[in-house]
Every structure is written in structure tokens, then in C-alpha cells.
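Beneath this line is the structure, given in C-alpha cells, with notes to follow.
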Amino acid sequence: MNNHQPNDLNPELEALDEHLRRLTIESFSQEWFSGKIRKPRDRNKWICFLGTGGSPRNLLTQTKRTGGFVLNFPDFMMHIDPGPGAIYHANYFGLDLTALDAVFVSHGHTDHFTEAGVVIEAMSHIMSQRRGAVLAPGELLEQGYITRFHQGKLPAPGFGPYRGGPAAVLAMQAENPLELHGDVVLIPHRAYHGNENYGFTLAYKGLKLGYTSDTSYIRSFECKSGEIVTVNSGLALGEMRDFIQVHEYHEDLKENYAGLDILIANVGFHHTFAHRHLTAYGLIHLLKDSGVKLCLITHLDIAYFINNGLAHDMARYIQEMSGVRCIVPEEGAKIEL
Ligand SMILES: [Zn+2]
């Protein structure tokens with residue numbers, strides 16, 4: 001029988017108990033609940049990729065990371081598409097997500113939304129504060145991809161300190177501008193990839209950025225025989241075999257992402273799965289004569305990383321064919337804006 005009477009303990013265990021009590025209290029820091037961000041806010045303008053890998057094969061092998069990317073301005077920080085590994089790699093690369101002002105989730109695929117809840121807990125300082133905005137498709141909010149708790153809707157009283165959450169939960173609508181904290185205006189744009197899904201363009205003090213999300217682009221193409229082939233799931237591997245040129249495409253995407261300083265493009269594959277993804281061929285067409293100054297290519301399949309240098313080879317091909325500077329960013333590096 002262990003009735004845990006302190007007087008029954010020998011002096012060594014009594015001292016150990018005291019040691020455990022003291023360090024437990026001392027290390028419990030109220031600063032987590034003070035509403036202050038943990039590190040001084042970084043006043044520089046940058047984008048940092050917590051992953052440049054996409055597609056299920058890469059997601060499962062983590063050949064490249066899948067944590068999305070973080071956009072930072074002097075008074076605004078947003079995490080875009082926090083997939084698996086987002087919080088681990090933010091810490092690994094030294095980013096303080098308690099400074100977040102917004103979390104953007106484009107759609108309900110594993111590599112885009114999985115760690116939204118964790119990142120929201122960082123933004124709201126362990127759900128103790130009302131801080132920041134969550135931007136997501138309405139169906140993700142309604143269907144619980146982002147839980148009611150992480151939307152700041154408490155199911156019952158008695159949640160102790162966890163009474164915070166996002167200050168705003170915004171169900172995006174295409175072409176409906178959203179004014180965010182710190183002079184940021186974000187316009188969601190429809191993406192063509194299955195269920196409700198948005199890319200965006202964003203303006204901040206004269207700087208214009210865009211993000212395609214996962215989207216198809218080419219609707220039909222001309223092949224070497226002169227035949228016009230419709231892009232759909234009936235093509236094996238969604239392959240645009242014997243591609244010569246684009247015939248029909250989603251014109252709204254080319255219009256929406258024209259004239260940007262930086263476009264972040266989710267290119268799944270070079271010429272396959274075109275019915276669901278932006279391909280190299282599609283991106284070349286989108287970028288040509290677009291006025292885009294720099295294209296950051298991300299969300300690539302494992303094929304471009306297990307074959308040494310292939311991701312950069314594809315970026316070089318897109319750059320040569322489109323005339324727009326293209327790079328595959330280095331994960332964890334801060335790309336100055
Ligand atoms: Zn997707």
C-alpha cells in the first residue's frame with residue numbers, strides 16, 4: 001500500500017520530490033499566455049519555404065518537406081498551406097509562429113491543411129488569445145477539416161485558459177478581396193483541382209505576389225499528329241503525350257497571375273496529371289508575356305528530387321521557354337522580397 005505520506009519518505013526521495021515540485025513551477029512560464037510573441041518580430045520582408053515537395057509519394061517519404069511556406073512583412077506574417085511537418089520545420093529553421101497574423105489553407109488535401117490546427121495554436125498562443133485570421137474554403141470550415149476548437153468555437157464551457165483562437169475565421173469567396181492586418185489585401189482566385197480550392201494574389205505597399213495553389217491549367221492541347229486532345233482523367237497518368245502546344249486553357253488563371261513581382265507556382269509534374277495539376281507546359285504558357293518578374297516553383301513530385309538536379313533542370317526549361325526567371329527555392333532559406 002502506498003498512502004504517499006511525506007513523512008514516510010526517506011530524505012533522498014523527499015529532496016527529489018521537492019526538486020520536482022520546484023522545477024515544475026519554475027519552468028511553467030506564464031509568458032506563453034501573456035499575448036506577447038516569443039521573439040522580437042522580424043521586420044524584414046521575405047518568403048521561407050518549409051517544404052518544396054508535393055504529391056502523395058513525396059508526402060509519405062518526406063524526400064522534400066511538406067510544411068508549406070511563410071510570408072513575412074514588417075508587421076504581418078502568414079503561413080500558407082501548413083502540411084505535415086509545418087511546426088517541426090518552422091522550429092528547425094528558427095521561425096517563430098507565435099508572430100503569425102494569418103493562416104491560409106487553400107484546400108482540403110493532406111499536404112495543405114493537416115497542421116493548420118497546430119499552426120493556429122501557435123498564432124493564438126496556445127489558444128489563450130484572440131489573434132489573427134484563418135482563411136479557408138467554406139467547406140473545410142463546415143466539414144471540420146479545421147476543427148471547431150481551432151476555429152475558436154468552444155463546444156462547452158470549462159476550457160480553462162484555452163478560450164482563445166483566431167480573431168477572425170474567413171470563408172473565402174473567389175474574387176472577394178480580404179483586407180488583412182498591416183496593409184495587406186488578398187484576393188482569392190478559384191483553382192481547378194476538384195473540391196473548393198483557392199489560390200490568391202496579394203498586394204502589400206506596391207509589392208504584388210501570387211500563389212496558384214494546386215490547379216489544372218491546360219484544358220486541351222495539340223499533339224504531333226495535329227489532333228486536339230482534351231485533358232481529362234481518361235488520359236493514362238494524365239499525360240500530355242506528343243504535346244506540341246496549348247489549345248485551350250483556364251484563361252482566368254493567366255489573367256489573375258499576370259504582372260506580379262513574384263508568383264509561387266505549385267507544379268506537380270512536367271507533363272503528367274495535367275487534369276489536376278499545373279504542369280511545366282502549363283506554367284510556360286501562363287508565364288509567357290505575363291510580366292511576372294520571378295517565379296518560385298514548388299510542390300514538386302518526388303521524381304524531381306530522386307533524380308539528381310532534375311527539379312532545377314525543369315525550372316531552367318520553364319525559364320528558357322517562358323522568358324521569366326524561375327527557381328526552385330532552397331527549403332529554410334529566407335528569400336528577400
Ligand atoms: Zn491538392
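We did not get these values from a lab; they are worked out from the coordinates using the rules stated. Since the model is a prediction, treat every value here as computed from it, not as a measurement. Please note: Cβ atoms are built from the backbone with ideal geometry, for glycine as well, and neighbour counts cover all protein chains shown.
Condition check ((1) more than 16 Å from residue 283 (Cα to Cα); (2) of a type in the set (A, V, I, L, M, F, W, C); (3) in contact (Cβ under 8 Å) with a residue 24 or more places away in the chain) across all residues:
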residue	(1), (2), (3)
188	yes, no, yes
193	no, no, yes
199	no, no, yes
204	yes, no, yes
214	no, no, yes
221	no, yes, yes
228	yes, yes, no
239	no, no, yes
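Every residue in region 315-337 that is aliphatic (A, V, I, L, M) and within 27 Å of residue 90 (Cβ to Cβ), please. Within region 315-337, 315, 327, 328, 333, 335, 337 meet the criteria. Being away from the ligand (no atom under 16 Å from the Cβ), touching an Asp or Glu at 6+ places or on another chain (Cβ under 9 Å) and not basic (Lys, Arg) is the filter here; which residues of region 48-78 pass it? Across region 48-78, the qualifying residues are 48, 49, 50, 72, 73, 74, 75, 76, 77, 78. Residues of region 25-36 include at least one that is under 23 Å from residue 94 (Cα atoms), more than 16 Å from the ligand (Cβ to nearest atom) and basic (Lys, Arg). When the criteria are applied in full, residue 176 fails the requirement of being under 22 Å from residue 250 (Cβ atoms) and within 16 Å of the ligand (Cβ to nearest atom). Scanning region 39-89 for residues that are part of a loop (DSSP other than H, G, I, E, B) and touching a residue at least 24 places away in the same chain (Cβ under 8 Å) yields a count of 24. Based on what the data block shows, is residue 252 within 16 Å of the ligand (Cβ to nearest atom) and either part of a loop (DSSP other than H, G, I, E, B) or loosely packed, with under 15 Cβ neighbours inside 10 Å (or both)? Here the answer is no, as residue 252 does not meet what is asked. Take residue 209 and tell me if it is in contact (Cβ under 8 Å) with a residue 40 or more places away in the chain, closer than 19 Å to residue 295 by Cα and touching an Asp or Glu at 6+ places or on another chain (Cβ under 8 Å). Spelling it out, residue 209 is indeed in contact (Cβ under 8 Å) with a residue 40 or more places away in the chain, closer than 19 Å to residue 295 by Cα and touching an Asp or Glu at 6+ places or on another chain (Cβ under 8 Å). The residues of region 189-210 that are surrounded by 19 or more Cβ atoms within 10 Å (Cβ to Cβ) and more than 16 Å from the ligand (Cβ to nearest atom), listed by number, are 201, 202, 204, 209, 210. Residues in region 90-116 that are touching a Gly at 6+ places or on another chain (Cβ under 6 Å) and in contact (Cβ under 8 Å) with a residue 40 or more places away in the chain: 93, 101, 102, 111, 112. The requirement of being farther than 23 Å from residue 223 by Cα, hydroxyl-bearing (Ser, Thr, Tyr) and not in a loop (DSSP other than H, G, I, E, B) is satisfied by residue 304.
At least 2 residues being touching a helix residue (DSSP H, G or I) at 6+ places or on another chain (Cβ under 7 Å) and away from the ligand (no atom under 16 Å from the Cβ) is the threshold, and among the helices (runs of 4 or more DSSP H) wholly inside region 93-153 those reaching it are 116-123. Exactly one residue out of 31, 26, 18, 14 is in contact with a Lys or Arg (Cβ under 8 Å, 6 or more places away or on another chain) and assigned to a helix (DSSP H, G or I): that is 31. With respect to residue 185, is the statement that it is closer than 30 Å to residue 336 by Cα, surrounded by fewer than 16 Cβ atoms within 10 Å (Cβ to Cβ) and aliphatic (A, V, I, L, M) true? Considered against the rule, which asks whether it is closer than 30 Å to residue 336 by Cα, surrounded by fewer than 16 Cβ atoms within 10 Å (Cβ to Cβ) and aliphatic (A, V, I, L, M), residue 185 comes out as yes. Among the criteria (1) in contact (Cβ under 8 Å) with a residue 40 or more places away in the chain; (2) part of a strand (DSSP E or B); (3) more than 15 Å from the ligand (Cβ to nearest atom); (4) touching a Leu at 6+ places or on another chain (Cβ under 9 Å), the one residue 268 does not fulfil is (3).
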